[in-house]
Amino acid sequence: MKFILATKEGMTRIFGEDGVARAGTILVADPVTVTQVKTAAGKDGYAAVQVGQGVRRTKNISKPVLGHTKGKGYKAIREFRTDDAAEVGATIDASVFSVGDTVQVSGLSKGKGFAGVVKRHGFHGGPRTPGQKHTERSPGSIGGGGGRAGGRVAKGMRMAGRMGTDRITVTNLKVLVVDVAAGRIIVSGAVPGRRGTLLEVVSA
């Protein structure tokens, strides 16, 4: 399995050999370092490769993490489930991917703060008539008064609240460009997050 950590830089347009323009997202894929290898036969009970990316001041990292990484201040540490062999200290860069590879990209979507039910869940709201006063964007009944669920608010009720910052995975993206020297990968389509969002790129 091919994998790497990358940050979202922005979107662009790529013209293929057939002359068709395709939307693409530029990912900054700096080299990552293998920090731990887990095996199914070991104490962890599953196979995985853990990698670290970026640089962070060691004073801002807890001592357990510093001990785990042998004193190296990685900005981010992620784990990928794979049976592929790897060695601690090995580096992985953008060269693992080739043009035409199919990948999936995972990351956190943009945070949008506290939102009401119209924006968050697509509710239609109340009537837009002269008689209405305060119900234009209200959620309506939430199930109290001995009706649905016996006078309480049922679990999972769609209401106002924090919107965004959800883990999103976009599948079936094609690698359009690989620039190993610059550490850039361009994948087709859009990926979650804002500029600078840390993403996990994995071969499908």
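The values are calculated or read from the model by the stated rules, or taken from the named source; none is laboratory data. What you see is a predicted model; the values in this text were computed from it and never measured. No Cβ is skipped: glycine too gets one built from the backbone with ideal geometry, and neighbour counts run over all protein chains shown. Ligands, DNA and RNA are excluded from the accessible area calculation, which covers all protein heavy atoms including side chains. Shrake-Rupley method; radii C 1.70, N 1.55, O 1.52, S 1.80 Å.
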Extreme residue, positive dipole direction of the chain, given options Val180, Gly126, Val88 (C-beta unit charges)
Gly126
Magnitude of the Cβ-charge dipole of the chain, K/R +1 and D/E -1, about the Cα centre, nearest 20 debye?
1480
Can you give the convex hull volume of the alpha carbon atoms of the range 112-152 per residue, in Å³?
107
Kindly report the accessible area of the range 81-126 per residue (heavy atoms of protein chains, probe 1.4 Å, no ligands, DNA or RNA), in Å².
60
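With the cut-off at 15 Å, report for the range 95-165 the share of all Cα pairs above it, as a whole percent.
Value for the range 95-165 (Cα pairs over 15 Å): 70 percent.
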Vicinal HN-Hα couplings computed from phi for the range 25-31 (Karplus, 6.51 cos²θ - 1.76 cosθ + 1.60; Hz; Gly/Pro x):
10, 7, 10, 8, 10, 5, x
Which residues qualify? For Gly125, with a placed amide H closer than 5 Å and at least 5 residues away or on another chain, they are none
Sorted by chain and then number, the residues having a modelled amide H within less than 5 Å of the amide H of Ala47, at least 5 places away or on another chain, are Ala40
To one decimal place, what Kirkwood hydrodynamic radius in Å is obtained for the range 11-108 from all pairs of distinct Cα atoms?
16.0
If the cut-off is a Cα-Cα distance under 13 Å, which aspartates and glutamates reach Lys2, setting aside same-chain residues fewer than 8 apart in sequence?
Glu79, Asp83, Asp84, Asp93, Asp101, Glu200
Return the long-range amide H neighbours of Ala76 (sequence gap of 5 or more, or a different chain), with a cut-off of under 5 Å between placed amide H atoms.
Gln53
Quick one: with all protein chains in place, what share of the accessible area of the chain is carbon or sulfur, to the nearest percent (1.4 Å probe)?
51
Solvent-accessible surface (1.4 angstrom probe) belonging to Glu79, in square angstrom, nearest 10
70
Within the range 24-68: backbone nitrogen closer than 12 Å to the Asp93 label point (7 Å, Cα to C-beta):
29-32
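Based on the Kirkwood radius over alpha-carbon pairs, what is the Stokes-Einstein translational diffusion coefficient of the chain at 37 °C with 0.692 mPa s viscosity, in µm²/s?
161
In debye to the nearest 20, how big a dipole does the range 93-202 give about its Cα centre with +1 on each Lys and Arg Cβ and -1 on each Asp and Glu Cβ?
Taking the Cα centre of the range 93-202 as origin, the dipole is about 860 debye.
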For Ser106, Ser141, Ser203, Ser95, the accessible-area ranking with a 1.4 Å probe, largest leading, is Ser141, Ser95, Ser203, Ser106
